Structures are given as C-alpha cells and as structure tokens.
Amino acid sequence: MRPPVRPPLDGVRRSLERRRAEGEGAPRDGFVRESFSLPRSDARVKAREWFDRWPKQAYWTAIESWREMPGDVIEFTMRRLPTAD
C-alpha cells in the first residue's frame, strides 16, 4: 500500500497571494492595532497616553505584545476597539 498523494496547493497559494495583495492579511477581529519601537521611558509614556485616551474598560485597550530590543528599546503593539458602546 502506498502513502496518499498530497493534493495540489496551487489554489491555496493563489488565494493567499491575492488576499495579501488586497491587504487582507491583518486580523479581522475588529481591533485597531498600532506598533511602536521606543526607548523604555518613552514607551511607558506612549502606553499611558493610549490608556488615558481610550480607557481599558470601554475600549478593551491592551498591550498585545512586547519585547526588549538592544539599547533598552521596547517594541510593542497596542490594541483597542475602534469605538466604545
């Protein structure tokens, strides 16, 4: 008995290329995201600005991801809902 043959992936590849070209690669969960790469003290100020402008309770504002870069630089992504109900 031979192993099953894999189906051709040309259709999937074309679909992915088309979506990427149309800008549909971003998550479709309704959140607004913005990424920053700032020195640690400036990163804290920027995050505080987001939380002050779009309160967590109304906009679900959050720091989605972050990492430390060389030179005490923080790269992070902020996330929020576009409007509050």
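FYI, it's all coordinate maths here, none of it is from the lab. Keep in mind the model is a prediction, meaning the values are calculated, not measured. Please note: Cβ atoms are built from the backbone with ideal geometry, for glycine as well, and neighbour counts cover all protein chains shown.
For the pair Glu17 and Lys46, what calculated FRET efficiency results from E = 1/(1 + (r/R0)^6), where r is the Cβ-Cβ distance and R0 = 35 Å, to the nearest 0.05? Could the numbers behind the result be given before it?
Working: r = 35 Å, r/R0 = 0.99.
So, using R0 = 35 Å, E works out to roughly 0.50.
Remind me, what semi-axes does segment 30-85 give for its equivalent ellipsoid, largest first in whole Å, using sqrt of 5 times each Cα gyration tensor eigenvalue?
Values: eigenvalues 101, 24, 9 Å².
Each semi-axis is the square root of five times an eigenvalue, giving 22, 11, 7 Å.
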Can you work out ³J(HN,Hα) from phi for every residue in segment 62-74, in order, using Karplus 6.51 cos²θ - 1.76 cosθ + 1.60 and θ = phi - 60°, giving whole Hz and x for Gly and Pro? 7, 8, 6, 7, 7, 7, 8, 10, x, x, 6, 9, 10
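Using a Förster distance of 35 Å, how high is the FRET efficiency between Val5 and Arg28, based on the Cβ-Cβ distance and rounded to 0.05? Write down the numbers at each step before the final one.
Details: r = 33 Å, r/R0 = 0.95.
Efficiency, rounded to the nearest 0.05: 0.60.
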